[in-house]
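Read through the structure below, which is laid out as structure tokens, and then see the notes.
A short reminder: the numbers here are calculations on the coordinates, not readings from a lab. None of the values given here were measured: they were computed from a predicted structure. Glycine also receives a Cβ, built like all others from the backbone with ideal geometry; neighbour counts cover every protein chain displayed.
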Amino acid sequence: MVFVVPSFSTLFATLDVPLPASTKIMINISKFVVSYWYILVGLLVTGIFGIRLWLQSAHGKRTIDSMVLRLPVVGRIMRGFLTARIARTLGILLEARVPITDALPLAREGAGNVHYAELLSRAKDAVISGKSISDGLSGSDLVNPCICEAVRNGERSGVVGRVLLEIADFMDEENQTLLRSLTSLLEPVILVILGLLVGLVAVSLFLPLFDITAMTQGSGP
């Protein structure tokens, strides 16, 4: 846009040939970028700074955390990673004989998501009121019911810490598999999009040259 397109623009102006709409759009965008690059840089810096401040606010963090969890495939992966992180943290703390009322706030600090942090707060309130961890975690769509049932069985057998660590190991393996699958799907999509963009630029720039060649050959003897 900054170096290649202006060269073609000068060439087309010298030849004085009619240009396709896509070529005109490409040239106009290039002229705007070259002429007002400082405005674009200023807007970019201001936008990044503003987004960063918004993300640091409570409203911004809650909004982003909600959006991430609702994404079709990414949301499932994030739920898996967050659940595995919490399960591992709680498992390590409980295996180290840390009281559950102290372990839940510690896990909450490292939850990494507002909604999971609130879930752990509700779980702590449930434990304080005499209920179990599984009771505090159940009823939420953030945690798979199978995980709640596994935690409940661990509580009954007195090995909830070990069960949580096993859950974390299982979910880490599942998350890695999902992540590899997502990566293998995204790579060709990204390549296709980049190919289309490069092809669009190439066609927009070289199409007038092809037209000139055809006109020259048509007007020849």
Practice task
Take the eigenvalues of the Cα gyration tensor for the stretch 153-194, scale each by 5, and report the square roots as semi-axes in whole Å, largest first.
Solution key: 38, 6, 5
Problem - Per-bin percent of Cα-Cα distances, the stretch 41-142 [5 Å] - result: 2, 12, 18, 20, 16, 12, 9, 5, 3, 2, 1, 0
Fill in the blank from the handout: residue 58 and residue 45 label points (each 7 Å along its Cα→Cβ direction) are spaced in nm at 3.3 nm
Fill in the blank from the handout: With the charge dipole of the chain built from beta-carbon charges (+1 for Lys and Arg, -1 for Asp and Glu) about the Cα centre, the Cα from 10, 96, 136 projecting farthest to the positive end belongs to 136
Fill in the blank from the handout: Using alpha carbon positions and the Kirkwood radius, the Rg to Rh ratio of the chain is 1.28
Practice task
Relative to the longest principal axis of the C-alpha atoms of the chain, give the angle of the C-alpha long axis of helix 145-157, reported between 0 and 90° and rounded to the nearest 10°.
Solution key: 30 degrees
Problem - Cβ-Cβ FRET estimate between residue 173 and residue 118, R0 fixed at 41 Å, reported to 0.05 - result: 0.90
Exercise for the section: Any lysines with Cα under 16 Å of the residue 131 Cα? List them, leaving off those in the same chain fewer than 8 positions away. Expected result: none
Fill in the blank from the handout: Taking Cα atoms only, helix 21-35 is inclined relative to the longest principal axis of the chain by an angle, in degrees rounded to 10, of 70 degrees
Handout entry: Unit Cα scatterers, Debye sum, the stretch 85-208: log10 I(q)/I(0) for q = 0.12, 0.16, 0.22 Å⁻¹
Key = -0.53, -0.77, -1.26
Exercise for the section: Work out the length of the dipole vector of the chain about its Cα centre, built from +1 on the beta-carbon of each Lys and Arg and -1 on the beta-carbon of each Asp and Glu, and round it to the nearest 20 debye. Expected result: 420 debye
